[in-house]
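Please treat every number below as a calculation from the coordinates, not as lab data. Not measured: the values here are computed from a predicted model. Quick reminder, even Gly has a Cβ in these numbers, built from the backbone with ideal geometry, and neighbours come from all protein chains shown.
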Amino acid sequence: MEKRIDQKSEEQTIQTMKKFMVGGGILFVLIGLFLQWPITDKSYMEFIEGQGYIPLILGLIMIILGFSVRLLMGTDEE
């Protein structure tokens, strides 16, 4: 019984972390796109040197990490 409760608690923690990471990542991506706008008129170097580049890349990384939370926590799905 205790093991079942522990697994349920662990699954809830994983889902909460996943929502936090993906939600934060989407927020950072939107901020990065807002700061980089308009993207189409910029060359590659202007895009890299722009103000929104770091939040945009950070947001993409957070989204990827959010989808792989289960792997990062070291839990196996049975």
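Details
- Ranked packing of 16-25, 65-74, most packed first, by mean Cβ within 10 Å: 16-25, 65-74
- The ellipsoid that matches the Cα gyration tensor of segment 20-71 has semi-axes, each √(5λ) in whole angstrom, of 24, 10, 7, with the longest given first.
- Once the Cα atoms are used to define both axes, helix 53-67 deviates from the longest principal axis of the chain by about 20 degrees.
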